[in-house]
Amino acid sequence: AGFNSSNMHVVYDGSIVSKDFNTRTGFHIGATVEFPLTEMFSLETGLLISTKGVIAKEILTEEDIGLIYEDMGFNYEYKVNLSPLYLDIPVTAKASFDTGGGTKIYGVFGPYVGIGLSGKIKQEVSINGATTSEEIDIEWGSDIESNFKRMDFGLIMGAGVELNSIQIGLNYSLGLANISPQTNVKVNNRVLGISVGYKFGKKKKTSQ
């Protein structure tokens, strides 16, 4: 289990529009299983419930929209909080290096597949200090009426340390799938995760 800091890379009509987006904090939780291949290398997979998404803001003043509003003190702010929830299935190669005293450092790399489960879109509009808000469920699908495609995939890379049975890691998920159903929009997930885990399993016996 641990914390996520997520963002989205968004391209609209060939232009990147996500440069000023704000990261969104969330969580991940689940279980993994490790299959040893050698003393150093292993294969790891599992099921993880993970939040993703982004927070985007747009602020316009009278200077942005023209002098016609100069005497009105016009100020417009729009904020949207996208909070999709995914089931992620990673399949990563893991290399571990024993540093002695029951401590190991490791690195992981491999693909993942994500399945959109649920989520919310919260929108806030503020005009001259008066704010209205609306929250709707994310619509999953491939048609233009949907918000996002359900399937996601990409690459995971990370590193960490194992202290006996305790594992502390830092992972970065690079979304490669375009999850936007719109033909002129490209959206990719980006997630940085910090996790703490406990390893269950039989310890190796040493011969006397």
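The values are calculated or read from the model by the stated rules, or taken from the named source; none is laboratory data. As the structure is a computational prediction, the values presented were derived from the model and not from experiment. Don't worry about glycine lacking a Cβ; one is built from the backbone with ideal geometry, like all the others, and counts go over all protein chains shown. Areas reflect the complete protein model, heavy atoms only, side chains present, ligands, DNA and RNA absent. Shrake-Rupley method; radii C 1.70, N 1.55, O 1.52, S 1.80 Å.
Residues checked against (1) surrounded by 11 or more Cβ atoms within 10 Å (Cβ to Cβ); (2) more than 16 Å from the chain's Cα centre (by Cα):
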| position | (1), (2) |
| --- | --- |
| Asn7 | yes, no |
| Val10 | yes, no |
| Phe21 | yes, no |
| His28 | yes, no |
| Thr32 | yes, yes |
| Thr38 | no, yes |
| Ser42 | yes, yes |
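Does Ile49 fit the bill of being open to solvent by 80 Å² or more (accessible area, probe 1.4 Å), part of a strand (DSSP E or B) and either touching a strand residue (DSSP E or B) at 6+ places or on another chain (Cβ under 6 Å) or of a type in the set (A, V, I, L, M) (or both)? Let's see the steps before the verdict.
On the way: open to solvent by 80 Å² or more (accessible area, probe 1.4 Å): no; part of a strand (DSSP E or B): yes; either touching a strand residue (DSSP E or B) at 6+ places or on another chain (Cβ under 6 Å) or of a type in the set (A, V, I, L, M) (or both): yes.
Considered against the rule, which asks whether it is open to solvent by 80 Å² or more (accessible area, probe 1.4 Å), part of a strand (DSSP E or B) and either touching a strand residue (DSSP E or B) at 6+ places or on another chain (Cβ under 6 Å) or of a type in the set (A, V, I, L, M) (or both), Ile49 comes out as no.
In the range 172-185, is there at least one residue being surrounded by 15 or more Cβ atoms within 10 Å (Cβ to Cβ), small (Gly, Ala, Ser) and outside any loop (DSSP other than H, G, I, E, B)?
Scanning the range 172-185, I find at least one residue that is surrounded by 15 or more Cβ atoms within 10 Å (Cβ to Cβ), small (Gly, Ala, Ser) and outside any loop (DSSP other than H, G, I, E, B), so the answer is yes.
Quick grid of which residues meet (1) more than 28 Å from Ser96 (Cβ to Cβ); (2) modelled with pLDDT under 95:
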site: Ala1; (1), (2): no, no
site: Ser6; (1), (2): no, no
site: Ile16; (1), (2): yes, yes
site: Phe21; (1), (2): yes, yes
site: Ala31; (1), (2): no, no
site: Phe41; (1), (2): no, no
site: Gly46; (1), (2): no, no
site: Ser50; (1), (2): no, no
site: Gly53; (1), (2): yes, no
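Just checking: which of the strands (runs of 3 or more DSSP E) contained wholly in the range 71-142 hold 2 or more residues that are at pLDDT below 95 and under 19 Å from Ile29 (Cα atoms)?
Qualifying strands (runs of 3 or more DSSP E): none found.
Checking the conditions here, which among Phe153, Phe200, Phe148 is open to solvent by less than 70 Å² (accessible area, probe 1.4 Å) and aromatic (Phe, Trp, Tyr)?
Among Phe153, Phe200, Phe148, only Phe148 is open to solvent by less than 70 Å² (accessible area, probe 1.4 Å) and aromatic (Phe, Trp, Tyr).
Within the range 122-136, can you find the residues that are of a type in the set (Val, Ile, Thr), open to solvent by 70 Å² or more (accessible area, probe 1.4 Å) and free of Cβ contacts under 8 Å to residues at least 24 places away in the same chain?
Thr131, Thr132
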